[in-house]
Amino acid sequence: MSTSINDSIWKTLLTTITPLCLGTLIFGMMLESYKNELNFRGDIMKDYYSPLVNKQRECIDIGDSLAKDYNSMAGNYVVMMNQYKLMLKGQSPRLTNEYKEYLVGLLKNAGDFSGNADEHRNSLSKCRDELHQTYINVALVTGTLDNFKGIDDDSKIRLEGIDIKGFEAKRKLNESIKDINLIQVINSYFIAGDAGDKRNEENDNYTDELITSKVQPLIEFFSFIATLEKEKNQTYLTLSNKYNAILESEISSRYKRNWFSRAFF
């Protein structure tokens, strides 16, 4: 009789405790999986996605600044050329100290804009290298490397086409300005006495030739390079937008694929 009672008790325990234990175990596994998924998703956002977006913005901003530098250089040369044309027409002010400082300022601006362009060009090259490595890191973690490479390859083709146009423009410019005598240019720009004085005929003739045949191509070159930089920036921005859309979809789908969240949310 006691054996029958004991068997009954064990059966009762087995039928009640076993499902309870299994349920607790399964629920614990589900909860842990959910927590791990949330933590992993949070880590991707904090450690990878947010730094990627910040680096993208940084590179775009530097690219915009570089394009502005080139436009500023073109605009400054336009002002210098116009001042010279006024001199030829006898409409420029006399070469007072104030006017001389103004002309010196134009030359200084040319140097400043060129220095800014060099600085931004170097910063942009470094930023884009760092951005590319960030793309690779994010793609490896999220399993989107093939997606990124496809978009990146398309961008490289467009960027190579832009670079070819830039190299050709630079080659033509170098060919057109290779015979410029910089010392003679500066001497002509600051003729002693009145800015419209024709006493130094040799310098005047040289400067006339320089303005008509050299400066305009220089202006057009910097304007064109500014346009190319904007085109490059747009290409990088398109890459960012396309890959970000894929990345955001992948991060979101990781959350949706979690079987606990599907079951309870």
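The values are calculated or read from the model by the stated rules, or taken from the named source; none is laboratory data. Quick caveat, the model's predicted, so the values are computed rather than measured. Positions of Cβ are backbone-derived with ideal geometry, glycine not excepted, and every protein chain shown enters the neighbour counts. Please note that ligands, DNA and RNA were not included when accessible areas were found on the heavy atoms of the full protein model with its side chains. Shrake-Rupley method; radii C 1.70, N 1.55, O 1.52, S 1.80 Å.
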### Task
May I ask which residue of 99, 147, 161 lies farthest towards the positive end of the charge dipole of segment 68-174, with charges of +1 (Lys, Arg) and -1 (Asp, Glu) on Cβ and the Cα centre as origin?
99
### Per-peptide average of other Cβ atoms within 10 Å, ordering 45-58, 224-237 highest first
224-237, 45-58
#### Entry: 1.4 Å probe accessible area per residue over segment 53-140, in Å²
55 Å²
### Query
If you put +1 on each Lys and Arg Cβ and -1 on each Asp and Glu Cβ, how big is the dipole of segment 76-152 around its Cα centre, in Debye rounded to 20?
540 debye
#### Entry: Protection proxy ranking, peptides 164-171, 216-223, 64-71, 128-135, average beta carbon neighbours within 10 Å, highest first
64-71, 216-223, 128-135, 164-171
#### Entry: Entries in 170/230; 156/232; 126/178 that, when Cα-Cα distance is taken, lie over 19 Å
126/178
### Message
Computing the accessible area with a 1.4 Å probe over protein heavy atoms, can you report the carbon and sulfur percentage for segment 112-176?
### Response
51 percent
